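A quick write-up on the structure given underneath.
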Amino acid sequence: MSGNSTYEPKTPFTRWLDARLPIVRLGWDSFVDFPTPRNLNYWYTFGGILSVCLMVQIITGIVLAMHYVPNIDYAFASVQRIDRDVNYGWLIRSIHAVGASMFFLAVYMHIFRGLYYGSYKAPREILWILGVVIYLLMMAAAFLGYVLPWGQMSFWGAMVITNLFGALPLIGEPVTQWLWGGFTVGNETLNRFFSLHYLIPFLIAGVVVLHIWALHVPGNNNPTGISVKTSADTLPFHPYYTVKDGFAIVVFLLIFAGFVFYAPDVLGHADNYIEANPLVTPAMIVPEWYLLPFYAILRAVPDKLGGVILMFAAIGVLFVLPWLDTSKVRSMRYRPMARWFFGFFVVSCLGLGWAGAELPDTLVPVLGAIGVDFLLLGRVLTIYYFAYFLVILPVLGFVEKPTPRPASIEESVLYGDKPAKSGSGAGAVPAAQPAE
Amino acid sequence: MNKLSKLLAVAAVTVMVAAPAIGAGYYRSPEPYDWSFEGPFGEYDRQAVQRGFQVYQQVCSACHGLKHLAFRHLGQEGGPFETVMVDGVEQSYANPNDNPVIAAIAAEYLISDIDDIGETIERPGRPSDMFPYPFANEAQARAANGGAYPPDLSIIVRARHYGADYIRSLLMGYDEEPPADLDIRAGSYYNPYMPGMVIAMAPQLWDGMVEYADGTEATTEQMATDVTHFLAWASNPHMEARKRMGLMVMIYLFGLAVLLYASYRKVWSRVKH
Ligand code: HEM
């Protein structure tokens, strides 16, 4: 939306509307004629996929809320009624529960994409920060939603997480009781969690609007990280990216449907089909898979308060990332050292997830032979997680020599990713083009 | 903070930090069994579910409830009595409340109710009634079972790791000598499949204890398999409908993906990329 709109209302009504509320123009400029870099790959389809995920969660969630009873005596049974007696209730619930996992799968792809192509750098800092806000809200929504079916993991997960606030000095106890609405996790807690679980997705929808607004000011980044220079670098969003996103969305839905119809329980935990019982602690309390890396970071610190601080810092560090990475080059395609560190970063996130799922003193397969248990693994990977943001990215900008980049997006499309040897007139790019 | 919540908080944090120490044990993975309901096209074996229901009624229902199930569920689509023989003709009923076999099963139970002058009464069950709980309350259930609580079986297959394989192995897993270092108190039994390897449920199945309506020989293994099959249905009553719809959805989405891919190729053939 750089001011030069190409929308032309064709009927008297649209002309009348356009002079009063130019909403069709907004849609046209944002999703039809929006100039989009011509070299976006499939990693760029996850934004559209995420919008679909949010809509799916809201629609299935509203239907579930018509049948769900937020009371500790009836919640579990009401979920069973949804599964057994509500028409297609089993389908709606399965979509909602699997949908939460698919939402996180997509958001992780989306975030790693941004980390690799340097999408958090100027001029997209606000866009990135809004994304991190959405991610935080998603985690809150998913945690609150997981409490609603009032199974053993719901109850004990809520107990563990709310108790983390008890680690705060002085205000710990009042804050925890304020969250609970009583002296333990109980009916008041369930009621407020339901209310907030209903609210947060709409907050997410609001932040998504800001996120897309902040996207449409500087425009998309792209796999080369090079800024759009001329109109030859772009294509109109429609039909080029509507069709590409559409294809990716349907492939994603195929995987989604595979879980919904053939393995609705594999992503969840069996214990959550046991009704909550405050007197019986499960042998192992684990969060859903998408929160496991943070659980591993929490447990990596022997001190409870320290663990809580580190866990929140793991997300907090993402907010300041745009100012931690000192490299002038956006895309890691042209950053021979950074891409290795990035690869290890992805592996360490997966490893943290694994460590979060296992008991801390279980020996790690293979590495167990030299005495490495999951606690140690979690600690080492936690250190790497923070080092990546706080040491590696700040230092690399000074020591790394980027490889030569093409002069423009158009050139990278027409002549490949190396700078043109001759003919295109561009030649090798000076090593320090600002922020590309 | 009151005492209970403090206790819970401590317990939660202990489990979080020290979970390894408790409950782990080296209990055995269940023996895998080739269930007819596994796989993308798997279905329940109606005969096995019917036999399993008989085992539940005659054995397990003395201690275990089935509180999320009503009698009518037995006659709904995908249930064991969806089609029944009436006067030698196979019949099916769109409304399970009209199903005479379901009505007969329900009528065998006494359900407590309040009549129209407010008296508490016991009346024969109807298809719409939920399965009655064998005890007056949890305290009575524990008192009758040496302090242990027999869990509700409505969703037991979904509520245990390894699902049906675990339940079947557990029911058959009593015939071994406990290891010398395991302390088995009176009222407890060694069962290598149970986490912790000690269970408060005595062995329940003995060869020939049930006389199957369809004449199948009631060995311990047969009964364990059948009752597990029944419990698998009870935990996932819409599984067959789910898989059937899944097939249509997958075919539809796959076709749509092919069409969209073709459009994508066509649209992008106009520009170099
Ligand atoms: C950001 C989007 C959302 C996420 C990530 C999310 C996540 C979850 C999760 C993980 C569960 C537990 C599923 C289970 O195992 O049963 C759940 C349950 C539930 N959610 Fe959501 N949800 C979202 C949006 C919504 C919305 C918009 C509503 C209502 C308007 C809603 C209503 C419910 C209800 C009633 C339940 C309890 C029933 C059940 O357990 O299936 N959700 N949600």
Odd one out for B:Asn97 among (1) within 14 Å of chain A (Cβ to nearest Cβ); (2) assigned to a helix (DSSP H, G or I); (3) closer than 26 Å to A:Met284 by Cβ: (3)
Kindly list, by first and then second residue, each pair from a residue in segment B:200-214 that is touching a residue at least 40 places away in the same chain (Cβ under 8 Å) to a residue that is in a loop (DSSP other than H, G, I, E, B) and open to solvent by 70 Å² or more (accessible area, probe 1.4 Å), limited to pairs with Cβ atoms under 9 Å and residues at least 6 apart or on different chains. B:Ala200/B:Gly146; B:Ala200/B:Tyr149
Across (1) assigned to a loop (DSSP other than H, G, I, E, B); (2) within 16 Å of the ligand (Cβ to nearest atom), A:Lys121 clears everything bar (2)
Might you check whether a residue that is in a helix (DSSP H, G or I), crowded, with 17+ Cβ neighbours inside 10 Å and either facing another protein chain (nearest Cβ under 9 Å) or more than 21 Å from the chain's Cα centre (by Cα) (or both) occurs anywhere in segment B:213-236? yes
Hey, among B:Pro20, B:Pro40, B:Pro30, which residue is within 12 Å of chain A (Cβ to nearest Cβ) and at pLDDT 95 or above? B:Pro40
Within segment A:146-199, track down each residue that is in a helix (DSSP H, G or I), within 12 Å of chain B (Cβ to nearest Cβ) and aromatic (Phe, Trp, Tyr). A:Phe155, A:Trp156, A:Phe165, A:Trp180
Note: among A:Val243, A:Val251, A:Val260, A:Val286, just one is closer than 23 Å to A:Gly145 by Cβ, at pLDDT 95 or above and among the β-branched types (Val, Ile, Thr), namely A:Val260
How about segment B:142-161: which of its residues are in contact with a Phe, Trp or Tyr (Cβ under 9 Å, 6 or more places away or on another chain) and either within 14 Å of chain A (Cβ to nearest Cβ) or crowded, with 20+ Cβ neighbours inside 10 Å (or both)? B:Arg142, B:Pro150, B:Asp152, B:Leu153, B:Ser154, B:Ile155, B:Ile156, B:Val157, B:Arg158, B:Ala159, B:Arg160
Going through segment A:61-114 in order, the residues found to be more than 20 Å from A:Ile204 (Cβ to Cβ) and of a type in the set (S, T, N, Q) are A:Asn71, A:Ser78, A:Gln80, A:Asn87, A:Ser94
So A:Tyr44 passes all but one of these: (1) outside any helix (DSSP H, G or I); (2) within 14 Å of chain B (Cβ to nearest Cβ). Which condition number does it fail? (1)
Please give the number of the condition A:Gly89 fails out of (1) more than 12 Å from the ligand (Cβ to nearest atom); (2) within 14 Å of chain B (Cβ to nearest Cβ); (3) of a type in the set (Gly, Ala, Ser). (1)
Every residue from segment A:272-316 that is part of a helix (DSSP H, G or I), open to solvent by 30 Å² or more (accessible area, probe 1.4 Å) and farther than 19 Å from A:Met138 by Cα: A:Tyr273, A:Arg299, A:Lys304, A:Leu305, A:Ile309, A:Leu310
Residue check, A:Ala65 more than 16 Å from the ligand (Cβ to nearest atom) and more than 14 Å from chain B (Cβ to nearest Cβ): no
A careful count of residues in segment B:216-257 that are more than 21 Å from B:Gly79 (Cα to Cα) and assigned by TED's automatic domain parsing to the domain that holds B:Leu170 gives 5
For the list (1) in contact with a helix residue (DSSP H, G or I) (Cβ under 7 Å, 6 or more places away or on another chain); (2) within 14 Å of chain B (Cβ to nearest Cβ), I need the number of the one condition that A:His211 fails. (2)
On the basis of being more than 11 Å from the ligand (Cβ to nearest atom), open to solvent by less than 30 Å² (accessible area, probe 1.4 Å) and modelled with pLDDT of 95 or more, does A:Leu54 make the cut? no
Within segment A:231-266, count every residue that is open to solvent by 50 Å² or more (accessible area, probe 1.4 Å), of a type in the set (A, V, I, L, M, F, W, C) and within 16 Å of the ligand (Cβ to nearest atom). 2
So B:Ser263 passes all but one of these: (1) among the polar types (S, T, N, Q); (2) under 23 Å from the mean Cα position of the chain (by Cα); (3) facing chain A (nearest Cβ under 9 Å); (4) open to solvent by 30 Å² or more (accessible area, probe 1.4 Å). Which condition number does it fail? (2)
Out of segment A:114-166, which residues are in contact (Cβ under 8 Å) with a residue 40 or more places away in the chain, of a type in the set (Ser, Thr, Tyr) and crowded, with 20+ Cβ neighbours inside 10 Å? A:Tyr116, A:Tyr117, A:Ser119, A:Tyr120, A:Tyr146, A:Ser154
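Out of segment B:32-65, which residues are of a type outside the set (Gly, Ala, Ser) and part of a helix (DSSP H, G or I)?
B:Arg46, B:Gln47, B:Val49, B:Gln50, B:Arg51, B:Phe53, B:Gln54, B:Val55, B:Tyr56, B:Gln57, B:Gln58, B:Cys60
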Out of all the residues in segment A:353-366, which are over 26 Å from the mean Cα position of the chain (by Cα), away from chain B (no Cβ under 12 Å) and either assigned to a helix (DSSP H, G or I) or surrounded by fewer than 18 Cβ atoms within 10 Å (Cβ to Cβ) (or both)? A:Pro365, A:Val366
So, A:Val228, is that one away from chain B (no Cβ under 11 Å), surrounded by fewer than 21 Cβ atoms within 10 Å (Cβ to Cβ) and assigned to a helix (DSSP H, G or I) or not? no
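Would you say A:Ala369 is in a helix (DSSP H, G or I), modelled with pLDDT of 95 or more and either on the phi < 0 side of the Ramachandran plot or within 14 Å of chain B (Cβ to nearest Cβ) (or both)?
Taking the combined requirement at face value, the residue does not satisfy it.
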Hey, A:Leu350 open to solvent by 30 Å² or more (accessible area, probe 1.4 Å), within 14 Å of another protein chain (Cβ to nearest Cβ) and outside any loop (DSSP other than H, G, I, E, B) or not: no
Residue within segment B:164-183 that is loosely packed, with under 14 Cβ neighbours inside 10 Å, part of a helix (DSSP H, G or I) and either of a type outside the set (D, E, K, R) or at positive phi (or both) present: no
So for segment A:105-113 (the condition being near the ligand (Cβ under 9 Å from one of its atoms) and buried (at least 20 other Cβ atoms within 10 Å of the Cβ)), does at least one residue qualify? no
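Among the residues that make up segment A:80-90, is at least one of them of a type outside the set (Gly, Ala, Ser), under 27 Å from B:Lys67 (Cα atoms), under 27 Å from the mean Cα position of the chain (by Cα) and crowded, with 19+ Cβ neighbours inside 10 Å?
The answer is yes; a qualifying residue exists.
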Taking A:Tyr273 as the residue in question, decide whether it is away from every other protein chain (no Cβ under 11 Å) and among the hydroxyl-bearing types (Ser, Thr, Tyr). no
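The values are calculated or read from the model by the stated rules, or taken from the named source; none is laboratory data. Computed from a prediction, not measured in an experiment: that's the story for all the values here. Ideal geometry is used to build each Cβ from the backbone, glycine not excepted, and the neighbour counts take in all protein chains shown. Accessible surface areas use protein heavy atoms only, side chains included; no ligands, DNA or RNA. Shrake-Rupley method; radii C 1.70, N 1.55, O 1.52, S 1.80 Å.
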